[in-house]
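The values are calculated or read from the model by the stated rules, or taken from the named source; none is laboratory data. What you see is a predicted model, and the numbers here were worked out from it, not measured in a lab. Here Cβ is always computed from backbone atoms with ideal geometry, including for glycine, and neighbour counts include all displayed protein chains.
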Amino acid sequence: MRRSSYVNYYVLCLVCWILLGITGVSTRSHSLVKRFDGIYTGPYFDSNTPTNITAQLGTHAYLPCKVRQLGNKSVSWIRRRDSHILSVDRTMFIPDERFQAIFGEADTWTLQVKYVQARDEGEYECQISTDPKKSHIIKLNIVVPKIEILGDRDMYVKTGSTVAIRCVIKQSLEGPFYVFWYHEGDRVLNYQLGKIDIQTKRIEQDTVSSLVIHNARREDSGNYTCSPSNLDSASVQLHVLNGEHPAAIQRGISSAPGGCPTLWWLAGVVTLYSSHGSRLFVLVLLILMVLYSKNPSYIATER
């Protein structure tokens, strides 16, 4: 009798355990169906995914594409101008190593373009392999800074004077990592102290690099080049004069104002049809006219 009671008790417990298990599974399955029924619609692009990205020439550009509920689908990047498939997930399909597909946090697939060039500007398509395919287009804009040296391309200074050459980089999103100065194309001046001072400052969206030469000498003459990182360079020609007149160096006889080619043409005609004495007189007269046209105060000074 007692043994029968124990058996009945264990059978009752077993039945209850089975019933609770079935009920729990049924309830859990129902909750799962209820959770996804009418809500899950497949992959979609996050509304915060940008449509425009701006990068400076020579820097790295990052095009983020946020995809939610991707599941077992793939994400591809396509360059729109030539329909070139750049990547599928993490696999690259372009030999240009500057391009890289990076999967990061928050379900973001980022297309990285290193050391962007002007030809990289354009539209890029982030595509999900659904049927039909879903696409999000991002426009990459490239900013090309302008570099110039203030003043004329030829600078004329006297021996012993202080020379200031200023190089300005305009319309830049960020300043260059460095600005090197070269003399005659090969001498780096950034490491010469005392005679030469170089300062580079960021002023709003412009970068100004100043080269100052103290007590300029004839050997300081030559070409000076401002060369920022990842950008084009700009040059200026410095002439250190030791008593010479700048106009005599800057312009030759053929470039003197007042129509010097015409004067030489007249000289040739007169020479052909004149005597020896007249030729000498005309030649002297033409030389005086050329000197006067180049520097009107020259004759008065000589007197």
Q. Within the set of pairs 6 or more residues apart or between chains, which connect a residue that is free of Cβ contacts under 8 Å to residues at least 40 places away in the same chain inside region 165-177 to a residue that is among the acidic types (Asp, Glu) with Cβ atoms less than 6 Å apart?
A. 170/206
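Taking strands (runs of 3 or more DSSP E) that fall entirely within region 161-241, which contain at least 2 residues that are of a type in the set (Val, Ile, Thr) and either within 28 Å of residue 143 (Cβ to Cβ) or over 27 Å from the mean Cα position of the chain (by Cα) (or both)? Even if it seems obvious, please write down each step before you answer.
Values: elements: 163-170, 179-183, 196-203, 206-213, 222-228, 234-241.
Once the strands (runs of 3 or more DSSP E) in region 161-241 are filtered for at least 2 residues that are of a type in the set (Val, Ile, Thr) and either within 28 Å of residue 143 (Cβ to Cβ) or over 27 Å from the mean Cα position of the chain (by Cα) (or both), what remains is 163-170, 196-203, 206-213, 234-241.
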Q) Do we have any residue at all in region 112-120 that's in a loop (DSSP other than H, G, I, E, B), outside the structural domain of residue 54 (by TED's automatic domain parsing) and in contact with a strand residue (DSSP E or B) (Cβ under 6 Å, 6 or more places away or on another chain)? A) no
Q: List every residue pair whose Cβ atoms sit under 6 Å apart, with the two residues 6 or more apart in sequence or on different chains, where the first one lies in region 142-155 and is over 13 Å from residue 223 (Cα atoms) and touching a residue at least 24 places away in the same chain (Cβ under 8 Å) and the second, anywhere, is acidic (Asp, Glu) and surrounded by 15 or more Cβ atoms within 10 Å (Cβ to Cβ).
A: 142/121
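Yes/no matrix, rows are residues, columns are (1) touching an Asp or Glu at 6+ places or on another chain (Cβ under 7 Å); (2) free of Cβ contacts under 8 Å to residues at least 40 places away in the same chain; (3) outside any loop (DSSP other than H, G, I, E, B):
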| site | (1), (2), (3) |
| --- | --- |
| 50 | no, no, no |
| 53 | no, no, yes |
| 58 | no, no, no |
| 63 | no, no, yes |
| 70 | yes, no, no |
| 76 | no, no, yes |
| 82 | no, yes, no |
| 85 | no, yes, yes |
